[in-house]
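Please treat every number below as a calculation from the coordinates, not as lab data. Treat the numbers as computed from the prediction; the structure is a model and nothing was measured. Every residue, glycine as well, gets a Cβ built from its backbone with ideal geometry; the counts of neighbours run over all protein chains shown.
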Amino acid sequence: MNSVNRILSLGSSLPKNARLISTSGAKQNAEDSWLSKLLVRKIEPTKESHSRMLSDKEIVYALHTHNIRPDSVDKYLKNYKTSSEFVHSHKEELGCELVGSWTVSVGDMDQALHLWRYTGGFEKIDKAKILFKESPEYSALEKERGGFVRSRHLQYLLAFSFWPSGEPRDPSNIYEIRSYSLKPGTMIEWGNNWARGLTYRRAANEAFAGYFSQIGRLYNVHHIWCYKDLQARRETRDRTWRNPGWDECVAYTVPLIREMHCRILEPTEFSPTQ
């Protein structure tokens, strides 16, 4: 068994501050260096929920993911624009506003993502559900939209307190949503490391918003980044890797991930952020 595999197999059982014994001083130093990055620091038990420690629970976000029939994209977008205008007309009553609306240009094609903010938490969401159900206008729009989509998914999210709040950007930009499925119980470690990691990515103003799931697929995290184009994305990410400390953030967070994927997004014409 090589040294890396041996570290991975032993990592979960090693006590705090333990060091691997090696006959070679150089080999021991190398393994200690790997071990310091692979062993995730433990978080002490707490009587406070992780979500309350990481976020403001009075603001809840709804992320709607719709897989559209390829021959119905234009009809779907027209329908959703009308639906968003209906919701906006009841903004004061519902405490609900559209943060961003995008279609996927790289990744899951024929897919649209819509991010809504509810100020007032789940109480406002409950009120909105009743209004939508009782409104003939909105019900008709939703029924029509059902003919344009193949599948839908909804997640309720909270925002990480240390991320930007998703304020609108001037045109024209592309967005990248990087979605992570984490190992259960690791959200605090993730938050602690990314609170430091974001300090290495402030110069380019690329960070748009960061969220973690409350209802839907659990232990999901979504980071949304904003770039002028794909070339700017590449250059910005290359510069980040030259910042001392960024590699440590990656090394500490990678062991927490079960699955990850990214999608490149383009704003719809009615998206508040462009």
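Structure summary
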| item | result |
| --- | --- |
| The range 165-221: trypsin sites (Lys or Arg not before Pro) in DSSP coil with no more than 13 other Cβ atoms inside 10 Å | Arg202, Arg217 |
| Efficiency of FRET between Glu58 and Leu131 - r from beta-carbon atoms, R0 25 angstrom, step 0.05 | 0.80 |
| Cβ-based net charge around Glu235, under 15 Å, with every Lys or Arg adding one and every Asp or Glu removing one | +3 |
| Residues His88, His222 arranged by fewest to most Cβ contacts within 10 Å | His88, His222 |
| In the range 150-228, chymotrypsin sites (Phe, Trp or Tyr not before Pro) in a DSSP loop with at most 14 other beta-carbon atoms within 10 Å | none |
| Under the Karplus curve 6.51 cos²θ - 1.76 cosθ + 1.60, θ = phi - 60°, whole-Hz ³J(HN,Hα) for the range 235-248, x wherever Gly or Pro sits | 5, 5, 5, 5, 5, 4, 5, 8, 7, x, x, 5, 4, 5 |
